[in-house]
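Here is the structure we will look at, set down as structure tokens.
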Amino acid sequence: MTAAFDAFWDAVDADLARIPMAADLQPLPLRSTDAATTYSVRLTSIGPYRTFGYYSVPTVPPPVPGLLLTPRYGSVNHIPDYMDRERYAVLQIVHRGQRLADQPFAAAYPGLLTLGIEKPETYIYRSIVADCIRGAEFLLSRPEVDTTRVGVQGDDLALITAARRSGFRAVQVADLLLHRLLDTSQSSDDYPAEEINDFLRAHPQSRPAVRDTLAYFDPIHHAARIVSTTLFATSGDTLEPLRGAIGGPAETYSLSYKGAVDHDWLDSWMAHQLGAQPRSRFRVQV
């Protein structure tokens, strides 16, 4: 990309560096088990804005592998799966506007995807990415985490976070949204991509500005900075250009859409990368 692209993202890093994280962890007894202790965590991101997360630590001697879960597109993010909580120090980030991080700003669905989209500096995803990076900084700073064995899992936000912070051994991504979003919206009327079409029907003169803004957030322009081993879980070969742009090793898993089969394969892949024990959803028949 251009020097303007680099300057834009360097400015995000600079904004974060000026703001103390001010992490506040509070135990959640109802969400804890004999195998793991779960906390709510509040972090200060750019704005400044207080974000939320679920952080769970297994009750085994540290250090333990770490796993960062970036937020889905939607109002609610859930507590990490109990299988992950038993093996990893796992953080589920909740970005600004989502439930539990919706004061003073509550995101609208549909609507969030185009908020401030006419300029990269005002686009809501500038702040959302910063929230994810702050979560990465938190996880990578924790004394109970083996920082040589940390992974990140999610969508485009996982890729951009791994590009901006190099401390991840493995990246696992699926259900990309921001990658080629304008092109995708032109060939689909499914939400959330249809939010782009809704916006452009109301503001047709803004198409060049929207294209320019989305380029800053397309992971293909961040991919060369990703040195982690990266896995794309996909149903076709449409992500091949993105996979080829990754700076480190990159692999593809073809989804079978058989829930337990896909879960077990992807779980095993991440566990292998982080030196943890795979966990299957299939019950062994004796």
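The values are calculated or read from the model by the stated rules, or taken from the named source; none is laboratory data. All values reported here derive from a predicted model rather than from experimental measurement. We place every Cβ from the backbone using ideal geometry, glycine too, and count neighbours over all the protein chains shown.
If only residues of segment 163-218 that are more than 27 Å from ASP6 (Cα to Cα) and of a type in the set (Gly, Ala, Ser) are counted, the one that is modelled with the lowest pLDDT is SER188.
When THR44 is tested against the conditions (1) under 26 Å from THR213 (Cα atoms); (2) over 20 Å from the mean Cα position of the chain (by Cα); (3) β-branched (Val, Ile, Thr), the lone failure is (2).
The residues on offer are TYR253, TYR257, and the sole one that is farther than 25 Å from ARG164 by Cα, aromatic (Phe, Trp, Tyr) and outside any helix (DSSP H, G or I) is TYR257. In the set ILE220, ILE246, ILE226, only one residue is surrounded by 18 or more Cβ atoms within 10 Å (Cβ to Cβ), free of Cβ contacts under 8 Å to residues at least 40 places away in the same chain and of a type in the set (Val, Ile, Thr); that residue is ILE246.
Is it the case that ALA271 is small (Gly, Ala, Ser), under 20 Å from the mean Cα position of the chain (by Cα) and in a helix (DSSP H, G or I)? So ALA271 fits the description; yes.
Counting only strands (runs of 3 or more DSSP E) that fall entirely inside segment 16-80 and contain at least 2 residues that are crowded, with 17+ Cβ neighbours inside 10 Å and either free of Cβ contacts under 8 Å to residues at least 24 places away in the same chain or in contact with a strand residue (DSSP E or B) (Cβ under 9 Å, 6 or more places away or on another chain) (or both), the qualifying elements are 36-45, 49-58, 64-69. Check whether at least one residue in segment 201-209 is within 18 Å of the chain's Cα centre (by Cα), surrounded by 13 or more Cβ atoms within 10 Å (Cβ to Cβ) and farther than 30 Å from PRO278 by Cβ, and report yes or no. Looking through segment 201-209, none of the residues is within 18 Å of the chain's Cα centre (by Cα), surrounded by 13 or more Cβ atoms within 10 Å (Cβ to Cβ) and farther than 30 Å from PRO278 by Cβ. Checking each residue in segment 113-141 for being surrounded by fewer than 20 Cβ atoms within 10 Å (Cβ to Cβ) and among the basic types (Lys, Arg) picks out only LYS119.
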